[in-house]
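Working notes, beginning with the structure itself.
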There are 2 protein chains.
Amino acid sequence: MKILSVFLLFYIFSASVFAQNMSSPNGIFSFSFKVNDSGEAVYDLFYKSKPVLKASKLGFIIKDQPDLKSGFKIVETKNDAKNETWNPVWGEVKTIRNNYNELAVTLEQKTDNLTRKIIVRFRLFDDGLGFCYEFPVQDGLKYFTLLDEKTEFNLTGDHKTFWIPGDYDSQEYVYNTTKLSGINATKGKYVNEIAVKSVFADNGVQTPLMMKTADGLYINIHEAALLNYPAMHIFVDRQNFSLTSHLAPNAVGSAAFLQTPMQTPWRTIIVSDKAADILASKMILNLNEPTKYTDTSWIKPQKFVGVWWGMHVGTESWNYADVNNVKIDETDWKSLKPNGKHGANTANVKKYIDFAAKNGIQGVLVEGWNVGWEDWFGNWKENVFDFITPYPDFDVKELQNYAASKGVKLIMHHETSASASNYERRLDEAFRFMKANGYDAVKTGYVGRIIPRGENHDGQWMVNHYVHVVKKAAEYKISVDSHESVRLTGLHRTYPNWIAAEAARGNEFNAWSEGNPPEHETILPFTRLMGGPMDYTPGIFEIKMSKYDPKKTNQVHTTLAKQLALYVTMYSPLQMAADLPENYESRLDAFQFIKDVAVDWDDTKILEAEPGDFLTIARKAKGKNEWFVGAITDENARTATASLDFLAPNMQYVATIYADAKNADWEKNPMVYEIKSYLVDRKTALKLQLANGGGAAVSLKPATPADQKNLKSY
Amino acid sequence: MKILSVFLLFYIFSASVFAQNMSSPNGIFSFSFKVNDSGEAVYDLFYKSKPVLKASKLGFIIKDQPDLKSGFKIVETKNDAKNETWNPVWGEVKTIRNNYNELAVTLEQKTDNLTRKIIVRFRLFDDGLGFCYEFPVQDGLKYFTLLDEKTEFNLTGDHKTFWIPGDYDSQEYVYNTTKLSGINATKGKYVNEIAVKSVFADNGVQTPLMMKTADGLYINIHEAALLNYPAMHIFVDRQNFSLTSHLAPNAVGSAAFLQTPMQTPWRTIIVSDKAADILASKMILNLNEPTKYTDTSWIKPQKFVGVWWGMHVGTESWNYADVNNVKIDETDWKSLKPNGKHGANTANVKKYIDFAAKNGIQGVLVEGWNVGWEDWFGNWKENVFDFITPYPDFDVKELQNYAASKGVKLIMHHETSASASNYERRLDEAFRFMKANGYDAVKTGYVGRIIPRGENHDGQWMVNHYVHVVKKAAEYKISVDSHESVRLTGLHRTYPNWIAAEAARGNEFNAWSEGNPPEHETILPFTRLMGGPMDYTPGIFEIKMSKYDPKKTNQVHTTLAKQLALYVTMYSPLQMAADLPENYESRLDAFQFIKDVAVDWDDTKILEAEPGDFLTIARKAKGKNEWFVGAITDENARTATASLDFLAPNMQYVATIYADAKNADWEKNPMVYEIKSYLVDRKTALKLQLANGGGAAVSLKPATPADQKNLKSY
């Protein structure tokens, strides 16, 4: 009896006091969870038995209720596991494995008047940990207002960190690389360049957050499946290296209005001692819900050109006239004096259609086609665009017919000027207009201060807005490429027509600002792209802006060859050939790579990777026996090694290598390149010489008998 | 030379210093405007040479700019006049005269760095003054943020005032009648009954504001054409009897975001020594823009019954199930246990359709037909209704067919729960659903706290929302009756499908609150209805709520006969026979008046009127030789005199008089009535005996030979 009761006591104890432990499927991670003496929920994460996150707490601050972060008791635990594969509609790979062990812990907190329950669901993968909170239906929590979330990620040292300032409105920053102790958001690089920003604290940073420990361990923190909830930012304790979540606030000073049952987004910690594993991780997609779309055949990865770069380099304008005060419903557009620089005119668009048709490019984006651009920026204007009225020099029907006759699709542009309520008001009408006039895809933009006023780009209301737009677009079989929207969190698994986003500092910054330093593109895949594809708009051949105006010193901070490599290293199913057609037409040999490169993939190999330094990536075109390799470097020249052991056995391929010329240099001589073709096979290891800020792009296609006759082996 | 230069000097002086004077067309009003020594713009208004408004200033507070209310110079004045007639699409009269003299004064203010110009446009009618401000396009003002408007209405004494608290969110108050010095908004009658309110100051009141001076002069202050601007409230200086405008604020603490050129709403001051003239004034309509709708044949004044009162008296529910936590997109509605009280079920709606068809009533409103009512109230819930999913017991198609087969139209209900952004997001879909299912009119509601959060019912954003809904409805040929929306300002001239609004304390308050005192309906026409028709939902026959629950003490605070009279005194092109059909079926004799009364009029005569005390009104049915008279009183019994000299000459009419029985009393014996018919002609003067809280309703139709034989003369 005594022994039995001791055993019983022990059993009861263990459920509430002793740690819950778990390993990942192959054991490389272990995890422990417990509730400590103060009733705080605490978790630890270990990689190869070494601590990665130590004693990190969990909880919430709720309006008009006691804090929900201590006084917990474990009332139930449930284990589960999954090992399955699934195929994305489009992606970096054809098949994705979802393999994890799960622990769901039900925590109960009893105060004088209030009993509340939450479930923390932990999934431990072989690439890291994901967890979310669930609030089940319960008397103590029906409708409630969150003031903040208090999820800790307590690091074990003063890690090297690649960060941008925590900012509720903008992610368009250059990355800073400092130790955790050196984070200072208001003194971040080029912070004052950003027009609309809401940097909230010196010690605030955004996610995805990328780190490297002194021991060479790579750690990435982000979130997955951001739905009906604000984006998660991070407060950094620069003395203790402890990170705490911080939710983007709303117009009335709280964070989120919630109703049970609800589940927060998943907080993700991806870890490996190989940087390549971080990029290869599919955890964030695995934590998103499968799509419910029954037909996805209308969603088409594609390349596009566009009436766009001319406006960034200043030779063209979005606006039709040079006045500074217009009204959508009142101005007589035909009476305005055209400024002669309006890019979106019928003749110019036809040129782009011709170029696209001639070069097998599927889409032509046109920005500045619709009235309202004269005063769109900086006026916090609500009724700013109507999305259906073209300027007098843009013939909608004629261009629809012309594009159709050439087998090219025009891509719509909906710059909202961050006036989201205006966009929602007009959304059905705007999508009907698209369908009536031959448009199946739209690039949206949110430049400016958000309307509804008081809201932020990263707040719950806008998070719901972006998803609303994507869902409504799906009703019309329209795909969406959102710019200045919240950074991606893998929702394109659930909504595969959310085909790309910007949500970071893109190539355009090189045209008119301090630009993006050469290391920028070696960091973005470890940060922004962890949540999904980025419409980086690569492919600028005319590197220096002095070409357009001798007074300008702006330039793209890469060589031309690196711009080609970006089509492989900067994943997106929607890729722009961003430069002016004439800059391609004068270098059609280099442009050939852009014509050839795929945008949808069966497989991806991360051959070499170091955040902030270099990347070498190989990808297999979907449904074809073709591979493409991209190698890029920062401001340091290097030799990239691309072992081609992924090629099919028993056959030769033609490797066409687009490389920096010997004397190339991103600053001094960026546009010199050389193109060479060789016979290769799976035993070949390419050595690609990358200049300062340089790169190399390689296409690999099966060798024909003629190739085998004419080409040399590598 | 000297004389010439003196003359010149005098001329130049006069334009800038001397007063600008003006009279109304018949001279009954005079007006003077000047800029005083401090450069303040000042106006005076006189009625029959006596001052009504004295030395009242004008101006604005603008964000990040100097105040725009002093330092003015007159740079131009322009006089104009108009005398025309126009015909409204529907209304109290067939033809309206628009006759005014106008003075437009251009004021310029120069500070160190900034020159700004505004135009104040004054129109002087024979019933009062209207004026607005215009901000022309100019360098100093392009996009600007208004913090408040500082328009004064300086009264000449401590006038008797009929007021409700200034409140950015609610107008559903009982009126207080005090002197100006006695205004105390936070201590207004039943203030604490109002669920969602934003009373902003002890000395704040709303418009329309009705006053009576000690000399018996009636003064009404309101605004016309409230577009893209916040509603105007009033600060009362209770010592000096000076009123100053105060604009409803937005989510970010300012009042309005504006862009030149723009024009404010018109501020209206209607004055007469006859109370009847106040009610007969058409100034507010005259100051609104004519409609641009080319086809208005689809806009139909009508009577309707509805599945509605049962919910207010507690015998039915809007919600289908008695749960308190549902989610529009997730709840399995069929699995919920019906509470057995759901009013909007197919069989019950058919009963209403049958009743309507049998009694010549055109419309049947159904509230509670769509999912989401279980938790719609008080949770500040955003995704609260979808406006397209019916409850399991409401068969949309069957009811569409049934109504059509009976020649009756169902009226849609869109309660938004004040989640306006959700409503806009779903609006096209909701209207398409209506058209697909036979609905041409919708009653909307805004019960609750506004979403976008931080906004108010009266703020600029919501003012734009209400107009957006009406304009989008017109695209679908749908008419709108908006409840809990901003009070009307005559915009139904421009948007004649905005067919009615509530925007005040309606009859429903009698079912479940302290109710509306007997004087309430004698005040509303002088206040709320100055801006447009009110959907007051009259016609409750079963006066006491104890009929439904013996414990209840609530009641309608009128006699039954007064409920009939309201169909004449409470103008609306959309009139509800608000009670349950069984309460009509047991009193079909009284109900005959409701069947007979028109809702659209060729002419209106205000026979007797005293705000807070009594009203006797006669109206001629549009296109018919029929008149209807309504007489109501407050808690004091009285004899109303209705001289019938408006009847056509040389013919007799049958006057059917629905009157309080001798011993009727709104409290003790409200439901006794008598109906008598007489022969009358234009020489007849009816003496209608009204009980305490009583009324009388009279229909006047041409006498047939049979009538002349059978009926006695009055």
- Message: within 20 Å of residue A:491 (Cβ to Cβ) and crowded, with 16+ Cβ neighbours inside 10 Å: which single residue out of A:91, A:59 fits that description?
- Response: A:91
- Note on the structure: Within the range B:391-422, residues of a type in the set (Ser, Thr, Tyr), without any contact (Cβ under 8 Å) to a residue 60 or more places away in the chain and touching a strand residue (DSSP E or B) at 6+ places or on another chain (Cβ under 7 Å) come out as B:416, B:419, B:421
- Task: With the condition kept exactly as written, say whether any residue in the range B:227-247 is under 30 Å from residue B:452 (Cα atoms), surrounded by fewer than 20 Cβ atoms within 10 Å (Cβ to Cβ) and within 14 Å of chain A (Cβ to nearest Cβ).
- Result: yes
- Query: Identify, please: which residue in the range A:127-139 is surrounded by 19 or more Cβ atoms within 10 Å (Cβ to Cβ) and not aliphatic (A, V, I, L, M) and is, among those, nearest to the other protein chains (Cβ to nearest Cβ)?
  - Reply: A:135
- Positions within the range B:252-269 being open to solvent by less than 10 Å² (accessible area, probe 1.4 Å), facing another protein chain (nearest Cβ under 8 Å) and touching a Ser or Thr at 6+ places or on another chain (Cβ under 9 Å), in sequence order: none
- Message: Residues to consider are B:398, B:429; find the one that is within 14 Å of another protein chain (Cβ to nearest Cβ) and open to solvent by 40 Å² or more (accessible area, probe 1.4 Å).
- Response: B:429
- residue B:668 being over 20 Å from residue B:533 (Cα atoms) and modelled with pLDDT of 95 or more: yes
- The correct count of residues that are in a helix (DSSP H, G or I) and either away from chain A (no Cβ under 11 Å) or in contact with a Phe, Trp or Tyr (Cβ under 7 Å, 6 or more places away or on another chain) (or both) in the range B:437-461 is 1
- For residues in the range B:468-478 being open to solvent by 10 Å² or more (accessible area, probe 1.4 Å) and either closer than 17 Å to residue B:493 by Cβ or not hydroxyl-bearing (Ser, Thr, Tyr) (or both), which is farthest from the other protein chains (Cβ to nearest Cβ)? B:477
- Query: From B:375, B:393, which residue is out of contact with any helix residue (DSSP H, G or I) (no Cβ under 6 Å at 6 or more places or on another chain), more than 13 Å from chain A (Cβ to nearest Cβ) and either surrounded by fewer than 24 Cβ atoms within 10 Å (Cβ to Cβ) or farther than 30 Å from residue B:169 by Cβ (or both)?
  - Reply: B:393
- Note on the structure: Out of (1) more than 9 Å from chain B (Cβ to nearest Cβ); (2) surrounded by fewer than 22 Cβ atoms within 10 Å (Cβ to Cβ); (3) touching a residue at least 40 places away in the same chain (Cβ under 8 Å); (4) not basic (Lys, Arg), the one residue A:464 does not meet is (1)
- Inside the range A:529-632, counting only helices (runs of 4 or more DSSP H) that do not spill past its ends, which hold 1 or more residues that are of a type in the set (Val, Ile, Thr)? A:560-569, A:588-596
- Message: Being open to solvent by 10 Å² or more (accessible area, probe 1.4 Å), out of contact with any helix residue (DSSP H, G or I) (no Cβ under 7 Å at 6 or more places or on another chain) and of a type in the set (A, V, I, L, M, F, W, C) narrows it down to one residue among A:655, A:637, A:642, A:621; which is it?
- Response: A:637
- the range A:505-517, subset surrounded by fewer than 24 Cβ atoms within 10 Å (Cβ to Cβ) and of a type outside the set (S, T, N, Q), residue nearest to residue A:306 (Cα to Cα): A:508
- Item | Check on residue A:434, in a helix (DSSP H, G or I), in contact (Cβ under 8 Å) with a residue 12 or more places away in the chain and away from chain B (no Cβ under 14 Å) | yes
- Exactly one of B:356, B:347 is more than 14 Å from chain A (Cβ to nearest Cβ), under 29 Å from residue B:590 (Cα atoms), among the small types (Gly, Ala, Ser) and open to solvent by 60 Å² or more (accessible area, probe 1.4 Å), and that residue is B:347
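Results for (1) closer than 16 Å to residue A:656 by Cα; (2) open to solvent by 10 Å² or more (accessible area, probe 1.4 Å); (3) under 23 Å from the mean Cα position of the chain (by Cα), shown as yes or no for each residue.
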position	(1), (2), (3)
A:546	no, yes, no
A:550	no, yes, no
A:553	no, yes, no
A:564	yes, no, yes
A:568	yes, no, yes
A:573	no, no, yes
A:578	no, no, yes
A:588	yes, yes, no
A:591	yes, no, no
- Task: Considering only the range A:255-319, give the strands (runs of 3 or more DSSP E) lying wholly within it that have at least 1 residues that are in contact (Cβ under 8 Å) with a residue 60 or more places away in the chain, under 30 Å from residue B:380 (Cα atoms) and in the same structural domain as residue A:58 (by TED's automatic domain parsing).
- Result: A:256-259, A:266-272
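The values are calculated or read from the model by the stated rules, or taken from the named source; none is laboratory data. Remember, predicted model here, so these are calculated numbers, not experimental data. In this analysis, Cβ positions are derived from the backbone assuming ideal geometry, glycine residues included, and neighbour counts consider all displayed protein chains. Surface areas here come from the heavy atoms of the whole protein model, side chains and all, with no ligands, DNA or RNA. Shrake-Rupley method; radii C 1.70, N 1.55, O 1.52, S 1.80 Å.
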